[in-house]
Ligand code: RNT
Ligand code: ZN
C-alpha cells in the first residue's frame, strides 16, 4: 500500500474523500500577481515604489526588463500546481513607441496584449487587472482619486475608466471575467482637518469611473486599507467606506489580510460578506506586525481563510489573488512558496470533515467538536499533498530547480 492509499483509508474513516479533495483543488483558480518579480516597479517609467507600500531586501537578480520578468514568471508558474490566473498591474504596460507620449489616462488594450498572449501560451485560466494609482508624478500631495485638484482627480478617473476597458478585453480573450481591483494609497501622514471631503471626492470619482463598464466581462472590486507607510493617520479608502460603497454600487469588496488592525482577521470577514455579496475577492498576503507583504506561508490564519472558502461552498464566489513582495530572498522561490502555501491551505480545508464539524456545532456538542477538531489536525495531510504534486508532475523540492535557474539564468543578469 502506498502512503497515499493508506492516507485515503485514514481520511475515509473520518468520512473524507481524498480523491474528491484533489479533484476539487484542481478547479480552484489562484490569481498570481505579476509584481513579485520586479519589486513592484513596472515598465512605465517608475524607478522606485511609493504610495505607502514598500519592498525591502537586497537580493540580487530583480527582473529589470519585460523579457526578464516574463522569463521569471514562466519559471515560477512552471513550479506551481493547480489552476492559475495572472494578475497584471497597469504600470506593466508595454508602451513601445507610445513611451513618453501616452500616459496612464490613455492606456489601451494594445499595451497589454502581450500579457494576454503570454498567459495564453502558458495555458492559464485568465488574466486579472489593476489600475495603478501609485508611483506616478500625477499623484498630488499623495492623493489620486480623492484629490481636491480637479485636474489630478480627473486624470485618475480616466485611468480607472481605461483600466475597466482594458480588463473587458482581457475577460473576452479568455471568456472568463477579469477582476479589476481598485486600490489607492490616498491618505495623510498627520491628523487631517477634513476627513469627509476626501471620501466624498473618492465616492464621486468611483461613481464616474463605474458609470459604464462591461458587466459581462469585468468584476470591479475595491480594496480598503487601515494605514500605509507615510500615511499613518488617515486612509481615505478605509474598510467602512469601501464596504458601504461596494454594497450600494453592486460591486465587489476585496479583502487584503494585511490591511486591518493586527488582531483583526480576514477569515472571519469572509462569511460576513458572503451573507450579502455574490462574490468576495481576496489579496492573500502575510503581514508581520504591519502590512509588510511577507511571502505567504502555510500558517493558521491562512488555513482559517481556506476553511471559510471551502466549507461555505464558496470556491466559485471567493476570488483568490496573491499579494506579497519580498526582495530579501530569491524572488522566484518567494512566488512559488506563497502560491504553494495557498494551495496547501485549500487542500487542508478540503480534507476536513466539515459537515461533521458543523453538525456538532449545530447540535451543541461542543466538547466533541473540540476533540474532533484536534484529531484532524494530525491526519496524514502531507501524503495527500505529495500525491497531488505527483499528479501535477511536480515535486516537493522546488528549490533545486530554482537554484539551477539562479545559476544558469539569473547570475547572467548582473
Ligand atoms: C497595497 C495593496 C495593493 C498593492 C498592489 C500592488 O497595500 O495591498 O493591493 O499591494 O496593488
Ligand atoms: Zn493588496
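Dimensions of the range 180-263 from C-alpha coordinates, computed as largest minus smallest value along each principal axis and given longest first, are 41, 28, 18 Å. Distance between the C-alpha centres of the range 305-356 and the range 1-26: 19 Å, rounded to the whole angstrom. Size of the range 122-266: Rg and Dmax of its alpha carbons, in Å, are 15.3, 51. In the chain, helices alone account for a calculated mean residue ellipticity at 222 nm of -13000 deg cm²/dmol, with every DSSP H run of four or more residues adding -39,500 (n - 2.57).
Averaging over all projection directions, find the projected area of the Cα convex hull of the range 205-348 and quote it in nm² with one decimal place. Intermediate results must be reported in sequence, preceding the final value.
On the way: hull surface 38.3 nm².
Average projection, Cα convex hull of the range 205-348: 9.6 nm².
Of all the C-alpha pairs in the range 26-77, what % are more than 16 Å from each other? Tail of the P(r) past 16 Å holds 47 percent of the pairs.
The relative contact order of the range 215-346, computed from alpha carbon pairs under 8 Å that lie at least 6 residues apart in sequence, is 22 percent.
May I ask what percent, to the nearest 5, of DSSP beta bridges between residues of the chain are antiparallel? It would help to have the intermediate numbers written out before the result.
Details: 5 of 33 bridges.
Restricted to the chain, the bridges split so that about 15 percent are antiparallel.
Here the label points at residue 263 and residue 105, each 7 Å from Cα along the C-beta direction, are separated by 4.6 nm in the simple model. Between 0 and 90 degrees, the angle of helix 331-350 with respect to the longest Cα principal axis of the chain falls at about 50 degrees. Volume of the convex hull of the range 1-148 (Cα atoms only), normalised per residue: 179 Å³.
Looking only at the range 1-148, where both bridge partners belong to it, what percent of the DSSP beta bridges are antiparallel (to the nearest 5)? Don't skip to the answer; put the middle values down first.
Values: 1 of 9 bridges.
Once the DSSP bridges in the range 1-148 are tallied, antiparallel ones form about 10 percent.
Angle of helix 66-78 to the longest C-alpha principal axis of the chain, folded into 0 to 90 degrees and rounded to 10: 10°. Here the residues 199, 375, ranked from fewest to most Cβ neighbours within 10 Å of their Cβ, fall in the order 375, 199. Among 60, 148, 137, the largest mean-square fluctuation in a Gaussian network model of the chain, built with springs joining Cα atoms closer than 10 Å, belongs to 137.
Give, in whole angstrom and from largest to smallest, the semi-axes √(5λ) of the equivalent ellipsoid of the range 258-322, with λ running over the eigenvalues of the Cα gyration tensor. Each step should come with its number before you reach the end.
Values: eigenvalues 82, 29, 22 Å².
Over the Cα atoms of the range 258-322, the ellipsoid semi-axes are 20, 12, 11 Å.
Working from the Cα coordinates of the range 85-128, the gyration tensor eigenvalues give, after taking √(5λ), semi-axes of 22, 10, 7 Å in decreasing order.
Using a Gaussian network for the chain with springs between C-alpha atoms less than 10 Å apart, which of these wobbles most: 257, 87, 393? Maximum fluctuation in the GNM of the chain, among the listed residues, is at 393.
Among 300, 326, 214, the largest mean-square fluctuation in a Gaussian network model of the chain, built with springs joining Cα atoms closer than 10 Å, belongs to 300.
The stretch between residue 358 and residue 23 holds 118.3 nm of extra length on full extension. This uses 0.36 nm per residue minus the Cα-Cα distance.
The long axis of helix 366-375 is offset from the longest Cα principal axis of the chain by roughly 90 degrees. Note on the range 139-209: Kirkwood radius taken over Cα pairs, Stokes-Einstein applied at 25 °C and 0.890 mPa s, translational D equal to 185 µm² s⁻¹.
Show log10 I(q)/I(0) for the chain at q = 0.07 Å⁻¹, two decimals, from a solvent-free Debye sum over equal Cα scatterers. Calculated log10 I(q)/I(0) at the listed q: -0.33.
Would you mind ranking 32, 226, 157 by Cβ crowding within 10 Å, fewest neighbours first? List each step's numbers first, then the result.
On the way: 32 23, 226 17, 157 20.
Starting with the residue having the fewest Cβ neighbours, the order is 226, 157, 32.
Efficiency by 1/(1 + (r/R0)^6): what FRET value for residue 375 and residue 216, r their Cβ-Cβ distance, R0 = 35 Å, to the nearest 0.05? It comes to 0.15.
Coordinate-derived values only; no laboratory data. No experiment lies behind these values; they were computed from the predicted model shown. Cβ: placed from backbone, ideal geometry, glycine included. Neighbour counts: every protein chain shown.
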